[in-house]
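This report concerns only the one structure given below.
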Amino acid sequence: MTEITEVPSPFCGIGTDDLSIQVDGTTLKVTANGCSVNTPAFEQAIADTSPRIAGQAASLEAAATKAAELLRNTHQPVIGGCATDVNGMRALLALADKSGAVVDNMNFNNARRNLLALQDSGWMNTTLAELKNRCDLLLVVGTDLEAFAPRFFEKYLWNEEAMFLDSTANREIIYLGKAPSGNASTSPTGQKARVLPCADADLPDVTAALSALVKGHLLHVQSVAGIAISELQLIADKLKAAHYGVILWGAAALAFDQAELTVQTLCNIVKDLNQLGTRCSGFPLGGKEGDQTANQVCGWTTGYPARVNFARGYPEYDPYLYDTQALLNSREADVLVWVQAFNSSAQPPKTDLPTIVIGRSGMKFEKEPDVFIPVGTPGIDHSGHAYRLDNVVAIRLKKLRDSGLPSTAEVLTAIEQAL
Amino acid sequence: MLIKLTGGTVYDPASGIDGQQQDIYVQDGRIIDVPKDGRPVDKEYDLRGKVVMSGAIDMHTHIGGGKGNIARTLLPEDHRQDPVHRTSITRSGNGHAMPSTYVAGYRYAEMGYTACFEPAVLPINARQAHMEMGDTPIVDKGGYVMLGSDDFLLRMMTANKDQKAINDYVAWTLNAAKGIGIKVVNAGGINAFKFNQRKLDLDEKNSHYDVTPRQILQTLAKAVQELGITHPLHVHGCNLGVPGNLETTLNTIKGIDGLPMHLTHIQFHSYGKEGDFKFSSGAAQIAEAINSNPNITADVGQILFGQTVTASGDNMRQHANHRFASPNKWVCMDIECDAGCGVVPFKYKDQNFVNALQWAIGLEIFLLVEDPWRIFLTTDHPNGAPFTSYPHLIRLLMDRSFRNDMLATIHPEAQKMTTLASIEREYTLNEIAIMTRAGAARIIGLKDRGALSAGNFADITVYTENPDRQTMFTKPDYVFKDGELVVKDGEVVKVTWGTTHIVKPDYDLSIEKDLKPYFDKYLTMKLGNFKISDDEISEDGRGSLTAHPLRGAA
């Protein structure tokens, strides 16, 4: 039995790398700094190790050959999921390039809210260490931050000491939209977050009003979506008075139509504040389970984020057309490859098309795929790289045990070679 | 396999060979002496009438790292105009301003380049830089690690830590991030922007730290020298793009007290404020300063007209310049108490007075700096123009009448403000070979590259002599990388994977005693997880590391 310390996690997205994990054969136990997201993800036992063809155990070679057979002579393969590490994504893109497939990250419809804003007008953003040392005012918009990342406040707001703040406990936290589900945002000295609640669907109006107030425009209403204008004015004033304000949102939480316009409004508020002479930064809470990794690797390999189509022999990007579910619904797709190396509870989209699943060991299916190849989890069964949710820092994932499970990259490369 | 390159006209400035007809023998990836044992040649290339140089080296090009990927993601419309098909041996991708990594590698090789150096590797983003460069085929690569706005250094300087401690930190960072040189971008300015300072002159103090850009440059230049790192401190100066910044640049040269210093994309730092538009050329003074200070080298950062995207660590200046964004979208980031970045698309227009004069200023600098060993051919890709415009730039330097024809088409007021028409100099092939090969290898500190004498790696480019130098340099007949034929008639015929060049200066391990608590308390990663291990570069089976000697330790 050994204990491995300073273990980085690919699961929580915030780049936690202070876990201690006890390894006993292939059994893992988180002994320090676990949380409700990371602990179960690390401790989950290995289940199946054998690939299956139509539910029957098969060798890796036979499964790869069968997968290649299903991909051969297809018109529009779709490779969905894309939840893996950097090397897995590299192999996935190589396979897509060769087979003329669509590559589509499973959470792209969430990321799209940010990407459309970025590609239309850009943004001014910051990263976790800047937040940890500088942020004196955090405005959380439409997002239950602690539900998303349980240790976010502990690690990045209520840290004992910050380089540029007298006391981290004096940071001011304001919620606009969703109220926090717990008390993580309450400061160590008991200061509770200010909460201005509204329905998600009202956020476009509320953020537009805030934007107008930041610019100094006069509004002729007393309230918007139940929030008094005077309250929003107070936020605008605080943003202008802050040394380093940060506006945080989670694109996944903004689940309403045209939420990209709300993201853009937030980004423009940040830009306006900087133009008016204050420092302020945005903080888009990126995804988990390889979302950022998929977009980064696809970015440098194709020039586009992870919703591209290689059918013409070169990558084309369309944030709407190449949606996996839409391609399955319209029957434009004729085979589905689904890659999910992190989460065995996840399910591939429902389809009667031939389906190949490259998944974390232990996956249960409502409908057995034509080919299932269980793979190791990056950061547990093999080393690798994953991006943190602030999109700048790639963490080095460690191999913790010898499970004999192949990596995503090995399996996808085997399929590519069999093709 | 023994390869013979027969009868080519060789330009190998590192060996003092200026256009002599010579045979070159290659075996096991290296150039060898004429074999005396009479063993048969396995493959012979008849290069009579061809021009032979070593593979070109781009000593400053943004090919890897986060800001490049932001630039890619920001501009789908730019990629859509330049799709690159997959072939039986090459991957698909997209090109133009900020190409995908595979396309960048192929296109560099197809232009005769065999090594590229990313000049702005943020230590905290170094993994990404190496992963992107790891997906850049054929060419060798390496990076300069950015310091100078990182809080750890500024804290050390404020606390008056001695030079030895700073050297240890610099060497530790260089080892951890796996670079071959040290870069400073707007010394202290990226940091000052986080404290809401919007400009920072050479002698202006950071509002939080008791430190000026001049002190940062001196401290880091001294560290580079004392550690024996061959590549001089690579400096992106203060006040990039600001009219009148010529004075800052001259002051920067003076202030370094004779220490080796490389001033990068100096075109952007050579502006006066004379004339009706309060914008004028400072090229003559800058060139004079370079000519009379042998410790100074520079690359130009030439602008060429058309759409591109600027991607820089200098978020202070990029934020100030965002109003010129075309198309109107841009990104600035503060990054990890380490650095920052700014990405602003630009469309340089020949009928815009400022852009036209920028174009002329770059060319003036090229032509007025006398020593080709101390000036380097760059567009600061993609900031001044995409690297694919190098053949055009070479023609501008080598062909005065072509240059003057171009000059006659730019904004008329800009024509009046430049001495370009009167400059007669035309670069020779030997001088081009110095700037893009021998000089570049020497300034970076590459052992056994950039030369064609026996013992060097066989990175070789063969061109057909053509008075139209743009045509000549666009499409080499042959490119050999480590002795393998990778390009024929300007097209990739074999995909290989280059090495990553690094240096490993020594340091006192006790620096980690200070760094570890700093990481634990203030940063978001454990010290041990920050350091990049060798296997991260090599585990994909394609990458490798090549460590170069320190100065005086050859």
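No lab work stands behind these numbers, since they all come straight from the coordinates. Predicted model, so just to flag it, every value in this text is computed and none were measured. FYI the Cβ positions are ideal-geometry reconstructions off the backbone, even for glycines, and counts take in every protein chain you see.
Brief remarks follow.
- Of all DSSP-defined beta bridges confined to segment B:413-554, some 70% are antiparallel rather than parallel.
- Spatial offset of segment B:528-546 relative to segment B:125-191 amounts to 17 Å, using the alpha carbon center of each.
- Residue-by-residue Karplus 3J(HN,Hα) for segment A:195-207, coefficients 6.51, -1.76, 1.60, Hz, glycine and proline x: 10, 10, x, 7, 6, 3, 5, 8, 4, x, 5, 5, 5
- Each residue of segment B:284-289 was assigned a 3J(HN,Hα) from its phi angle through the Karplus curve 6.51 cos²θ - 1.76 cosθ + 1.60 (θ = phi - 60°); the sequence is 4, 5, 5, 4, 4, 5 Hz, with glycine and proline shown as x.
- Selected from B:Val242, B:Pro294, B:Ile63, residue furthest toward positive end of dipole (chain B; charges at beta carbon): B:Val242
- Where chymotrypsin sites (Phe, Trp or Tyr not before Pro) fall in DSSP loop in segment A:251-345, at most 12 other Cβ within 10 Å: A:Tyr320
- Separation in nanometres of the label points that stand 7 Å from Cα toward Cβ, at B:Glu426 and B:Asp28: 4.5
- Of A:Gln275, A:Asn309, A:Asn391, farthest towards positive along the dipole that unit charges on Lys, Arg, Asp, Glu beta carbons give segment A:271-419: A:Gln275
- The protein assembly as shown, dipole about Cα centre (Lys/Arg Cβ +1, Asp/Glu Cβ -1), debye to the nearest 20: 680
- Chain A - percent relative contact order, Cα under 8 Å, separation 6 or more: 26
- Principal axis dimensions, largest first and in whole angstrom, of segment B:53-492 by Cα: 58, 50, 43
- Förster-model FRET efficiency, 30 Å R0, B:Asp520 and A:Lys399, C-beta, rounded to 0.05: 0.80
- Antiparallel content of DSSP bridges confined to segment B:53-492, in %, to 5: 55
- Normalised by the number of residues in segment A:111-284, the mean separation of alpha-carbon contacts (under 8 Å, six or more apart) gives a relative contact order of 31 percent.
- Counting Cβ atoms of other protein chains within 10 Å of each Cβ in B:125-136 and taking the mean gives 4.
- Options A:Ala193, A:Leu321, B:Met406, ranked by Cα towards positive dipole end of the protein assembly as shown, top entry (Cβ charges): A:Ala193
- Ranking of A:Glu416, B:Glu491 by count of other Cβ atoms within 10 Å, fewest first: B:Glu491, A:Glu416
- Amide H partners (placed H, <5 Å) of B:Tyr113, local residues excluded: B:Ala56
- One decimal place: the segment B:Ala408-B:Ser510 gains 30.6 nm when fully extended, by the rule 0.36 nm per residue minus the C-alpha distance.
- Where both bridge residues fall in segment A:111-284, DSSP classifies roughly 10% of the beta bridges as antiparallel.
- About its Cα centre, segment B:240-317 has a charge dipole of approximately 120 debye under the convention of +1 per Lys or Arg Cβ and -1 per Asp or Glu Cβ, with nothing else charged.
- Cα gyration tensor, segment B:1-118 - rounded (a/c under 1.5), prolate or oblate: prolate
- Under the simplified labelling scheme, the B:Gln20-A:Ala45 pair shows an inter-label distance of 7.7 nm, with each label point 7 Å from Cα along Cα→Cβ.
- Within chain B, helix-based [θ] at 222 nm, where runs of 4 or more DSSP H residues each add -39,500 (n - 2.57), nearest 500: -9000 deg cm²/dmol
- Segment B:479-522 and segment A:278-293: distance between their alpha carbon centers, rounded to Å: 28
- Computed E for B:Lys164/B:Glu44 - FRET, C-beta separation, R0 41 angstrom, nearest 0.05: 0.15
- With θ taken as phi - 60° and the Karplus curve 6.51 cos²θ - 1.76 cosθ + 1.60 applied, the whole-hertz 3J(HN,Hα) list for segment B:309-314 is 9, 9, 10, 9, x, 7 Hz, x standing for glycine and proline.
- Two-site FRET efficiency, A:Thr27 against B:Lys447, from Cβ-Cβ distance with R₀ of 51 Å, rounded to 0.05: 0.55
- Cα-based Lys proximity count in segment A:79-227, under 23 Å, for pairs eight or more positions apart or on separate chains: 6
- Selected from A:Val393, A:Val308, A:Val86 as most flexible by GNM, with chain A as the system and alpha-carbon contacts under 10 Å: A:Val393
- Extension gain, A:Ala346 to A:Val195: 0.36 nm times the residue separation minus the Cα-Cα distance gives 51.0 nm.
- Highest-first arrangement of A:240-250, B:34-44, where packing means the average Cβ count within 10 Å: A:240-250, B:34-44
- Under-5 Å amide H pairs with B:Lys347, H placed in peptide plane, nonlocal only: B:Thr308, B:Ser326
- Charge dipole (Cα centre; +1 on Lys/Arg Cβ, -1 on Asp/Glu Cβ; no other charges) of chain B amounts to roughly 800 debye.
- Our note on the geometry: Cα centres of segment A:71-150 and segment A:313-327, 15 Å apart.
- Distances between placed amide hydrogens fall under 5 Å for B:Val235 paired with B:Val184, B:His262, B:Leu263, B:Thr264, all partners being 5 or more residues away or on another chain.
- Put a dot 7 Å past the Cα of B:Arg323, heading toward its Cβ, do the same for B:Val493, and the two dots end up 5.5 nm apart.
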